[in-house]
Amino acid sequence: MSESFERVLGSIEKGRIRPLYLVAGDRVLAEPAAIRIGQALGKSVGCEPEVHRRPADLGLILADLKTYSLFAPAKVVVVIESSVLADSGAAAELLDETLEALPIGTGSAELSGAERRAAGRLLQTLRLFQLDPEAGDTGEVLASLPPWAFKGGSRYRKTHGNRPRGPRQVEELKAHLAELLEVALASGLHGWAETDVGELAEAAEKGLPEGHSLVLVESVVAKQHPLVGTLEAQGVLAEVGRVEVAKGGGWQGLELLAGELERETGVSIADPALAELARRTILRSSVRGSSAEAVDTDSTSRFAGEYRKLATTASGDTIDRQLVEANVEDRGDEDAWKILDAIGAGDLRGALSRVRRLLGSAEDPIAARLSFFSLVASFGRQVAAVSALLDSTGVSRNETSYPRFKTQIAPALQSESAEGFKSPVAKLHPYRLLRVYQTACRIPASELADIPSRILQTELRLKGERSEPDAALTALICDLASASHRA
């Protein structure tokens, strides 16, 4: 575990008990760390810690902690993923978490357990944007949320070919959410409010009744939140780490997950097996506002779940790569841009392998196939357009240096023509344009001229009823990659 975690745990074991603790980091690491802190607190004050996961109403838990119990000498509560310290970038994920209960049932006046949790997530989303749920008509309140919040977070997009919700789906979601909000308010739910954050800050400053402590476990924390700064200054913030996208590709922080899971299961994992397990399970985050290094937290939970299953089937005390390949379905992250690079480089085998992985990991293969075809079609049209621009501008076809391409070739390809026509690749990023340029330089002009018609034929086959859509997409990739390879 991290130094900050060991420092917090050591302080508790020495009898220095605080009312409020925060454990921040990847859920796979943060949850067991918080449980250990809760157990240490419980041992110090003579009680067993209570654990609440994704509570619908943090206010009720805070109110209970502020009162003495007639039947227990103390209270220690561990709250996992309240999102009380999250920033607005978490809104899309929070709304997606309501889907398990939508549409709500109409046979009972009371919300079920799943519906209460969904309502709590909806109310939390509104609070993230300082919106009062009771400020007016439920439809008007929801309309005050930014449009992107309804279009789906990383899990939704992963299962729908990386596509956001369309206008019709957004309106249907809003209608269900409006009904959920109306029933939630009638049931007296409040989610968490600014008053809850204020009460947390008051608890951190003035304390709770003797022997009472709250441990928050959050995978998403707004770094600039004033309460986070306060807890860090008090020495009660334990940052346990998280998995991130490494600059050179792959994942950074896997050893933290592997170490925690080895401690939990007693079974280690070999480095090649660790890399393969991560490749098959971990995804980049597509949440709005996430950094380029952000990882989908649910995918690290899947990594942990697969690790635990492998640990039970390992013949010895180490998981090897062969065991991973035989037992874990490949549903990891696949970069569509790398597929285009493979096509442009004439690497047919690599391109097809990556495409099979991309489509095979999608829960909605139809949407994923259409989304990827759209990308390939744009790439093909750009290649054909750049080929024509190379003829008309007379620029070099042999440039391999990106800095020189960016300053000398790209401006010529992206500027308006002498007749005042806008370049078809004017808005393309210079690096992507370099890839298109390199492909256009490889493919013979006679074959480039056929690309638009091949794309149209593929689109008709993909959307037709009598042909195999995967075969149609494969044929287009073969045409493009083979043409580049022959050059």
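Taking Cα atoms only, the orientation of helix 469-486 departs from the longest principal axis of the chain by about 60 degrees.
Taking a sphere under 13 Å around the Cβ of Ala377 and counting the other residues whose Cβ falls inside, with K and R at +1 and D and E at -1, yields a net charge of +3. Over all other residues within a Cβ to Cβ distance under 13 Å of Pro73, the charged ones net out to 0, with Lys and Arg as +1 and Asp and Glu as -1.
Under 5 Å between amide hydrogens, built in the peptide plane, is the criterion, and for Ser213 it picks out Lys75, Val76, Val77 among residues at least 5 positions away or on other chains.
Kirkwood Rh, Cα Rg: Rg to Rh for the chain? Rg/Rh: 1.04. All C-alpha pair distances within region 293-336, sorted into 10 Å bins from zero, spread as 24, 49, 23, 4 percent across the bins.
Compute the acute angle (0 to 90°) between the alpha-carbon long axis of helix 27-45 and the principal axis of greatest extent of the alpha-carbon atoms of the chain; round to the nearest 10°. That works out to roughly 10 degrees. Per the Debye formula with a single identical scatterer at each Cα and no solvent contribution, what log10 I(q)/I(0) holds for region 1-58 at q = 0.26 Å⁻¹? The calculated log intensity ratios at q = 0.26 Å⁻¹ are -1.21.
Considering only protein heavy atoms and a probe of 1.4 Å, how much of the accessible area of the chain is carbon and sulfur, as a whole percent? Intermediate values should be presented prior to the final figure.
Numbers: 11620 of 23570 Å².
Of the solvent-accessible surface of the chain, carbon and sulfur hold 49 percent.
Calculated over region 314-395, the projected area of the Cα convex hull averaged across directions stands at 7.6 nm². Remark on Glu239: its backbone amide H falls under 5 Å from those of Ser4, Phe5, Ala24, a criterion applied only to residues 5 or more positions apart or on other chains, H modelled at 1.01 Å from N. Solvent exposure of the chain amounts to 48 Å² per residue of accessible area, where only protein heavy atoms count and the probe is 1.4 Å.
Taken along the Cα-to-beta-carbon direction at a fixed 7 Å, the label points for Tyr68 and Gln224 span 4.4 nm.
In order along region 270-278, the Karplus-derived 3J(HN,Hα) couplings, from 6.51 cos²θ - 1.76 cosθ + 1.60 at θ = phi - 60°, round to 5, 4, x, 5, 4, 4, 5, 5, 5 Hz, and Gly and Pro are given as x. Rounded, prolate or oblate: which fits region 357-481 when a ≥ b ≥ c are the square roots of the eigenvalues of the alpha-carbon gyration tensor, with rounded for a/c under 1.5 and prolate only if a/b beats b/c? Here region 357-481 falls in the prolate category.
Relative contact order for the chain: 18 percent, from Cα pairs under 8 Å spaced at least 6 residues apart, divided by residue count.
Asp341 sits among other residues whose Cβ lies under 12 Å from its own Cβ, and their net charge, with Lys and Arg +1 and Asp and Glu -1, is +2. Within the chain, DSSP assigns beta bridges of which about 10% are antiparallel (rounded to the nearest 5).
The values are calculated or read from the model by the stated rules, or taken from the named source; none is laboratory data. None of these values were measured; they are calculated from a predicted model. Cβ coordinates were reconstructed from backbone atoms using ideal geometry, including for glycine residues, and neighbour counts include every protein chain displayed. Ligands, DNA and RNA are excluded from the accessible area calculation, which covers all protein heavy atoms including side chains. Shrake-Rupley method; radii C 1.70, N 1.55, O 1.52, S 1.80 Å.
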